[in-house]
Each structure stands twice: as structure tokens, then as C-alpha cells.
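Encoded as C-alpha cells, the structure appears first; notes follow it.
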Amino acid sequence: MPLIAVLPGDGIGPEVTREARRVLEALDLGLSFEEAPVGGAGYLAAGHPLPDDTLALAKRADAVLFGAIGDPRFEKLERHLRPEAALLGIRKALGLFANLRPATLFPGLEDASPLKPEVVNGLDIVIVRELIGDIYFGEKGHRTTPDGLRQGYDVMSYDEAEVTRIARVGFEMAKRRRRKLCSVDKANVLETSQLWRDVVTAMAADYPEVELTHMYVDNAAMQLVRAPAAFDVIVTGNLFGDILSDQASMCAGSIGMLPSASLAAWSGANGMYEPIHGSAPDIAGQGKANPCAAILSAAMLLRHSLSDEASAQRIEKAVAAALAKGARTADLGGNLSTSAMGDAVLLELQ
Ligand code: NAD
Ligand code: IPM
Ligand code: MN
């Protein structure tokens, strides 16, 4: 019986994860679930954002269903005790270097995006984000300059092995889709990016069927607003991928629509699945959060960790059907609560 570790986290994390779990349970796949605290909830329960038992559960499980972390009450703690440290810690501990963030426009949501319907029509892109390197994991700290000024620093770096394995995921993904790969970097300024570009360019020889382009990240941000549907697969580093995926979410109507899979190998195995959004303190506890990103993350869990493509599609079709009938949370211009949106999806499961 596959074991799913459920880590709801903070803020709207538990609210949206509840709906995702209900959907998984309704499919009656014989999954077992075990829940553990993480983030601010982990700190409150065990004095650490990533309690040992929680990490052990994540390692033991066949897959992790993650909600969101982050709580303004803990922003002043030392960095290693803040909720965010738990998320970065699990990603690193499980070796989850490949973060797949699909952004698709569900029919009917054209009007939910602030962009014109004709701009977002046909949107179907995947951002392949490197997840355990880059400036996130380099040396960081603060010091005093010779002039006596306080200074903070974070080191950005990638080695060629790190770039090679994520570039491989980008090419393999593009090969299975519309065969267009756009590698996003800042090679005009950053040495990290020049290495990135050199490694990706060399790999293109292995994939003659894939059309590779390179784009600077500032231009990519602009193109994502100008003509987002022109992209197929974007492969990029940790920081750029974080920013561009939040931006891409608005092409799909809302940040509440984008799921993600974080994998340790192209072929899947035990990964972690979470919406790309955070704990949304501004709406937490009000039943306003859109659970679709979490529900679609559960679909990705079935696809990538349990090799159950049919069940993954059942969930995705149910979300599409509910949206097509007008089910909308507030972020999409409607007035359904989180659980009512979950109900609407459950009703369409077949
Ligand atoms: P956020 O994604 O939590 O919220 C940004 C905005 O989007 C808010 O106005 C929020 O209400 C809205 N929003 C987010 N998810 C939504 C949903 N499902 N339905 C409707 N509206 C939604 O980002 P933030 O405000 O910058 O960060 C809040 C906290 O979350 C911080 O502590 C941050 O570190 C953390 N965070 C965690 C994750 C994660 O767990 N993966 C991701 C991003 C941010
Ligand atoms: C995300 C979040 C995280 C990230 C934070 C909370 C550490 O923004 O998952 O997108 O930057 O990776
Ligand atoms: Mn983010």
C-alpha cells in the first residue's frame, strides 16, 4: 500500500491540502496517508521547522504531498529556524533537483487572467526549475565592510554536473511535448549563467529533434507577458524559475492554479508535490484559498511517483469540468469557498 506523507504546513497550506487529500481518497486507490507538522507548525510542535520525525516520514514515504509554509510570526527567528528552512531542507535532503511547474490555461479561465484572452489562449507551458542549487544554497552571511557598513552576501554558483542533470530534464520534457526548449539565463552578466549556457548548448547535440533557444531572464519576463503561449518548455535556474513561475501563474488566471512536482530523477520515484504558492497569510483561515493548485499537485503525484497516469488524468479532467461549469474561488472572480471548490471537483470525478 503506497504511503503518502502529508505535510500541510502553515496558513492556507492545511486548507488546500485537505481538499487535495479528499480528492485522492475519493479515487479509492488504496493509498495510506500519514500527516506531520512542517514549517511554523513544526516549530510550534517540536521547536524546529523540520522536525526529525517529519523528515524521516518524508524519506520513508512513496511521495510527499506538501501544502505551504511561512508565518509572519517567525520572520525574525534565525534563518535556520524559519519555516522556509524546512522546505529548502526537505528539497535538499531528498535530492529533489528537478521542479516541474506546468502553467496551462483551463478553458473558461481566459477572463481570470489580467492579460487579454487572445494573449493567454492556448497557454500550455512547463517551467523546469533547478531546485537545490544556485544562490539559494551558496554561502551566505553578513559582515562589516572596511568602511564599517553592514553587508549581506549570497553566493550564486552552479557546477556542470548540476546544470547537466537539469538540462537533461528540460530536453527530455521538450522531446515529449512540442519539442521547443527555451533556456533562460543571464549569461550577458553572470559567470554562473555562462557555464549554464555552455552546458545546455553542448547537450543540444543529443537532441536534434528539439529546437533550443536561449533567452536572457529580463527578456523572458517580458515575453511571458507579451506572448506566453509561444513557449513550450523553459529550463532555468532556481532563482529565475521561482520568479518566472509566479509570473506565469497569472497567465493561467491565478497563482492558485499552478501545481508542481519536485523530483530526484527524471523517471520520478519518490517526489514531493506542492502548489507553487505560499501560505498566503492575508487570506489564511478565511476559507478563501483556491485549492486547484494543490489538487492538481495530487494529480502530478499519481503521474510521477505512482505511475498512475489514468488517475492523474481523472483528477485533471474533474478540475477542468468543474471550472467549465463556472466553479470559481475569489481569486478567479467567483465566490466559492475552498471546500466548496473541492466539492465541485469531487462531483466531477469519474
Ligand atoms: P503567497 O504565494 O503566499 O501569496 C501571494 C498572494 O497570492 C497573496 O495575496 C495570496 O493571498 C495569494 N494567493 C496565494 N495562494 C493562493 C490561493 N491558493 N488562492 C488564492 N490566493 C492565493 O506569497 P507571499 O505572500 O509572498 O508569501 C507568504 C508566505 O509564504 C511567506 O512566508 C513565504 O516565504 C511563503 N511561501 C511559501 C511557499 C511554499 O511553501 N512553497 C511559496 C511561496 C511563499
Ligand atoms: C516556492 C517558494 C520557496 C522558494 C520559498 C518559500 C523558499 O517561493 O516554492 O516557490 O523560493 O523556492
Ligand atoms: Mn516561489
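Read-outs throughout are calculated quantities, based only on the coordinates presented, and are distinct from any laboratory measurement. Quick caveat, the model's predicted, so the values are computed rather than measured. We place every Cβ from the backbone using ideal geometry, glycine too, and count neighbours over all the protein chains shown.
A few comments on the model shown:
- For S183, the residues 5 or more places off, or on other chains, whose built amide H falls under 5 Å of its own are T213, H214, M215, V235.
- Here the 3J(HN,Hα) profile of the stretch 83-97, calculated from phi with Karplus coefficients 6.51, -1.76 and 1.60 at θ = phi - 60°, is x, 4, 4, 5, 5, 5, x, 5, 4, 5, 5, 8, x, 7, 7 Hz, Gly and Pro shown as x.
- Cα gyration tensor shape for the stretch 1-117, rounded if a/c is under 1.5, else prolate or oblate: oblate
- The stretch 245-350 shape via C-alpha gyration tensor axes, a/c threshold 1.5: oblate
- The C-alpha atoms of the stretch 10-67 occupy a region whose extents along the principal axes are 36, 25, 12 Å, arranged from largest to smallest.
- Share antiparallel - DSSP beta bridges, the stretch 114-251, percent rounded to 5: 25
- Per-residue Karplus couplings for the stretch 337-348, computed as 6.51 cos²θ - 1.76 cosθ + 1.60 with θ equal to phi - 60°, are listed in order as 7, 4, 6, 5, 5, x, 4, 4, 6, 4, 4, 8 Hz, Gly and Pro entered as x.
- For A46 and E309, the difference between the fully extended length at 0.36 nm per residue and the C-alpha to C-alpha distance is 91.0 nm.
- Distance between the pseudo-spin-label points of E209 and R177 (7 Å out from Cα toward the beta carbon): 1.6 nm.
- Global geometry of the stretch 114-251, whether rounded, prolate or oblate, following the gyration tensor of its Cα atoms and the 1.5 cut on a/c: oblate
- Projected label points at E78 and A229, each 7 Å from Cα along the beta carbon direction, are separated by 5.3 nanometres.
- For the chain, a simple Cβ point-charge model (Lys and Arg +1, Asp and Glu -1, everything else neutral) yields a dipole of about 240 debye relative to the Cα centre.
- Near G70, the amide H atoms lying under 5 Å from its own belong to D10, G40; only residues 5 or more places off or on other chains count, and H is placed 1.01 Å from N.
- R0 of 41 Å, Cβ-Cβ distance Q151-T201: FRET efficiency to nearest 0.05: 0.70
- Column: log10 I(q)/I(0), Debye, Cα scatterers of the chain, q = 0.12 Å⁻¹: -0.86
- Per-residue ³J(HN,Hα) for the stretch 3-18, Karplus 6.51 cos²θ - 1.76 cosθ + 1.60, θ = phi - 60°, Hz, x for Gly and Pro: 9, 9, 7, 10, 10, x, x, 10, x, 6, x, x, 5, 7, 5, 4
- As a rough footprinting exposure proxy, the listed residues E25, E78 were ranked by other beta carbons within 10 Å of their own, and the order from fewest upward is E78, E25.
- Dipole of the stretch 1-159, positive end: most advanced residue of L105, G152, V23 [Cβ charges, Cα centre]: G152
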